[in-house]
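Every read-out reported here was derived from the displayed coordinates using simple, explicitly stated rules and does not represent laboratory data. Nothing here was measured: the structure is a model prediction, and the numbers come from that model. Neighbour counts are summed over all protein chains in view; Cβ atoms, including those assigned to glycine, are modelled from backbone coordinates with ideal geometry.
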Amino acid sequence: MKMNRLPVPIDTVVSNYELVDNHIDQVYIEWFEIHKKRLTRQTLSGTNILMQLEQGMEWHHGDALFSNGTLQAIVIIKPTLTIRFNPLDLVQLADFGYFIGNRHLPLFSVEEAESLRMPYDGRLYEQVLAKYGPAVQLEEAVLLSQNLLRQQINHRKTKEHQG
């Protein structure tokens with residue numbers, strides 16, 4: 001295992017990098033760290049890297065991290081425990097939105113279903129399970145910013161104003 005005294009500075013980030021080699025090193029971050037401007041992390045192979053973001057940017061699952069033209073690692077957002085809500089109908093969905101509204105938790109859409117996810121919170125899980133029963137389940141999932149409802153709504157509003 002490599003041990004570097006100084007972290008390798010990342011000078012270029014390439015989004016949506018095409019993986020042609022499955023043996024590329026990886027660096028893991030938590031879903032809530034995507035806006036952190038400066039991160040020092042160790043890759044799976046043990047290389048310490050210094051990751052810095054430009055203002056207004058965020059880390060994405062699959063970002064390729066380069067230093068002096070050499071690919072160092074791919075960013076992987078760690079799966080986390082989530083509460084998944086599978087509403088039976090729009091009335092139940094509206095009631096759920098009202099019920100959790102004051103908690104200011106981020107809500108994520110589930111791409112393959114008409115469901116919502118939110119980061120696990122023990123007390124909230126007990127409450128929504130008691131209220132909504134089988135419509136609620138726990139599952140490991142990767143929370144990606146493109147599935148964040150707030151961003152999807154803002155993106156729609158921007159498109160409407162432009163069009």
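Observations
- Debye intensity ratio I(q)/I(0), log10, the chain, q values 0.18 Å⁻¹ (C-alpha model): -1.09
- For the range 8-77, relative contact order (Cα pairs under 8 Å, six or more residues apart, normalised by length) works out to 43 percent.
- Estimated inter-spin distance, Glu30 and Leu124, nm [label 7 Å along Cα→Cβ]: 1.5
- For the range 13-103, projected area of the alpha-carbon convex hull averaged over all directions, nm²: 8.7
- Degrees separating the helix 90-100 axis from the principal Cα axis of the chain, which is the longest one: 70
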